[in-house]
Structures are given as structure tokens and as C-alpha cells.
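Just below is one structure, and these are the notes that go with it.
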Amino acid sequence: MIIRIKSWINVFFYFTKSIDCNKKSVILGANETKKLILKNKKSVIRFGDGEFNILGGEGIHYQEYNEELNDSLINIIGEYLNDPEEQDYLLCMPGEFLKCNGFKLLRKRVYVSSWSYSRYIFKRKYDKEVIYGDAFLFAKENKQIYPEIWINSDIDKVIFVHNNEIYANLFAKEYKIDTKYISIPSKNAFDRKNAILNEIINLIKNREKSLVLISAGPTAKILVHELSKIGIWAIDTGHCWDEPLSLRK
């Protein structure tokens, strides 16, 4: 009970300090994000409450806290803020929960508990004069938008990184694209980060014609970052396939 009370005291502090959160940065909508990705063939790194939790020194249910992971996430944001236009990736933030006035979170208690800390950290450290993409691009409401990324590009192969092959098979069947599957652990994928990265690289013969779709929690951010640096187009899709995100009602 005492721990729970302390936890809610912290939530209240973060909530009150982030009533007005997003003031300086521009967080694009889903369609604008898709257009920017296609125009510049940008890789995609998406930050959500799980990544902000790790930045705060805590793990999430499918990824234990790891200091190297934390440092890598900090490096990705710092690199982007320093010179976003020069990066091969577009950093995406959850505009749905960062752009709104904090009082709108009061509609549901889970929004307050899940997003108050993320808003607090974003306001303090990352609300700079830069353009972010939409981290909710792959929400189920955007099913008519995000497939244009692979449909309207000149790729001929997709590397599908996930913990369940069924989604790779469904993807290949729906979009008629040559799809190679790479299996990852459902929990603590970061422990196998290097092995997964090497497996991806070894499957790619033509970097200009390949796209890597990665659903691997916080580890996906690190993989996309590493791949983008060596000229491989990669996208962090998150729960797009197995547990489609839903925008706040």
C-alpha cells in the first residue's frame, strides 16, 4: 500500500509538471509521416511510454531494464536533436499523448498513470525545435495509410523480424512481397541484439531493394538505428501486427 501511494504521488507530480507539454517541436500526423518516410526513404524509430520508462530507469513487462539499452536510447535522441535532417532515420513521438492538454488524460486513469512521466520527460528534455514523426503511424485506424510505405516503394524483399512467424506469412500473402522471417524472443530481445542484427544483414543481398520491418519493443529502436547507419532501410513497426494500437477515444 505504501509503495502504491508513493507511486501515485510521483504520478501526480509528473502530471502537474506537464499540463502543457508540447510547445516547441512539431509532431506530424500519420499521413504526413508516411509521406516524409517515402520522400526521403527514411528509416523509422518510434518512442512510446515503454521507451520513456526505460529512460527513467525502469523495465517493462517484455524488456528488463538494461543500462546499455538506456544509453543507446539516449544516444538516438541526442543524435537526432543535434541534427535531425542529417539522420537516416525519422524519430517519431506519441503525439496523441504529447500534444494534448494534460487534463484530457483524466478521461481514463490508465492514461494518467501511463503517460504522465513520458510527458514530463519529453517537456524537460526533448521538446525542441525539431520535427518528429507520428509514433502512432501503425495504429489500426491507419491501416489505409501505412501500407503505402512498402506498396509505393521499389522494394522487392522484406525482412520481417518478429516473435511469431504467422505474421510474416500473413504479410507475404496480403502484399505479395518476397518475405524472409527472422525469429526473436518475446521477452528481453535486447540480450540477442547483436545476433539478430547479424542475421538481418546476412539475409540482405541488395540494400537498395530491401526493407526491414521490426517488431521487437525497445530493441527495435537500436536495430533500426544500427541498420540505418549502414544504408539499410528499416522500420520499427511495434505492435502493428499482433496487438494493433488504437488511438485514444
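The values are calculated or read from the model by the stated rules, or taken from the named source; none is laboratory data. Predicted model, so just to flag it, every value in this text is computed and none were measured. FYI the Cβ positions are ideal-geometry reconstructions off the backbone, even for glycines, and counts take in every protein chain you see. For accessibility, only protein heavy atoms count, side chains too; no ligands or nucleic acids. Shrake-Rupley method; radii C 1.70, N 1.55, O 1.52, S 1.80 Å.
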Q) Dimensions of the chain along principal axes (Cα, Å, largest first)? A) 53, 34, 34
Q: Provide the FRET efficiency to the nearest 0.05 for the Ala195-Asn75 pair, computing r from the beta carbons and using R0 = 22 Å.
A: 0.60
Q) Helix 193-203: angle to the longest alpha-carbon principal axis of the chain, degrees 0 to 90, nearest 10? A) 30
Q | Rounded, prolate or oblate (a/c below 1.5 giving rounded, otherwise prolate when a/b exceeds b/c) for the range 1-137 by Cα gyration tensor | A | prolate
Q: Counting helices only, and only those DSSP H runs with n ≥ 4, report the 222 nm mean residue ellipticity of the chain as the sum of -39,500 (n - 2.57) divided by its residues, in deg cm²/dmol to the nearest 500.
A: -12500 deg cm²/dmol
Q.
Can you tell me how the range 114-241 classifies by the Cα gyration tensor, rounded, prolate or oblate, using a/c under 1.5 as the rounded cut?
A. prolate
Q. What is the helix-to-structure angle for 109-121, meaning the angle in degrees between its Cα long axis and the longest Cα principal axis of the chain, kept from 0 to 90 and rounded to the nearest 10?
A. 80
Q: Would you mind telling me the share, in percent, of accessible area of the chain contributed by carbon and sulfur at probe 1.4 angstrom?
A: 48
Q. Which loop chymotrypsin sites (Phe, Trp or Tyr not before Pro) in the range 157-249, with loop taken from DSSP, have no more than 16 other Cβ atoms within 10 angstrom of their Cβ?
A. none
Q. How much solvent-accessible surface does Glu68 expose, in Å² to the nearest 10, with a 1.4 Å probe and all protein chains in place?
A. 100
